[in-house]
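Undergrad: Take a look at this one; I'll ask things after.
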Amino acid sequence: MGIPVDGIAVGKCFVTEIGQVRRVLEVKDGKVKYESRGKTAHGGSWGDVAAVADGKFARDVDREVPCDYDPDADKVIPIDQLNASNDE
């Protein structure tokens, strides 16, 4: 889905489609430096720093979120799984 490039700013956090939270550390010369956590990046703590072109960063994230956002709190349980757990 992505966000507008002009929505990227230092201190803002964004979530990717797979639930990785990215916190923007620096925006300079068309590059975004960020740290990430969740899903594929270091569990619940902030991890490695990466830098990518601002256009790529904007395409790779889904939406802005609070920096304390928990991607697991947004999990949707399919109705068939919900009904199966009620049958037991």
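The values are calculated or read from the model by the stated rules, or taken from the named source; none is laboratory data. Since we're looking at a predicted model, the values are computed, not measured. Cβ: placed from backbone, ideal geometry, glycine included. Neighbour counts: every protein chain shown.
Undergrad: Could you list, in sequence order, all residues of segment 1-34 that are in a strand (DSSP E or B) and either aliphatic (A, V, I, L, M) or at positive phi (or both)?
TA: Once the filter is applied, which keeps residues that are in a strand (DSSP E or B) and either aliphatic (A, V, I, L, M) or at positive phi (or both), segment 1-34 yields V15, V21, V24, L25, V27, V32.
Undergrad: Here is a further query. Could you list, ordered by first residue, the pairs with Cβ atoms under 9 Å in which the first is in segment 53-70 and touching a residue at least 60 places away in the same chain (Cβ under 8 Å) and the second is in a strand (DSSP E or B) and exposed (fewer than 13 other Cβ atoms within 10 Å of the Cβ), at least 6 apart or interchain?
TA: none
Undergrad: Can A51 be described as touching a Lys or Arg at 6+ places or on another chain (Cβ under 6 Å), modelled with pLDDT of 95 or more and closer than 18 Å to G11 by Cα?
TA: Judged against the criteria, A51 is a match.
Undergrad: Here is a further query. Just the residues that are of a type in the set (K, R) and in contact with a helix residue (DSSP H, G or I) (Cβ under 8 Å, 6 or more places away or on another chain), please, taken from segment 7-37.
TA: Of everything in segment 7-37, those that are of a type in the set (K, R) and in contact with a helix residue (DSSP H, G or I) (Cβ under 8 Å, 6 or more places away or on another chain) turn out to be R22, K31.
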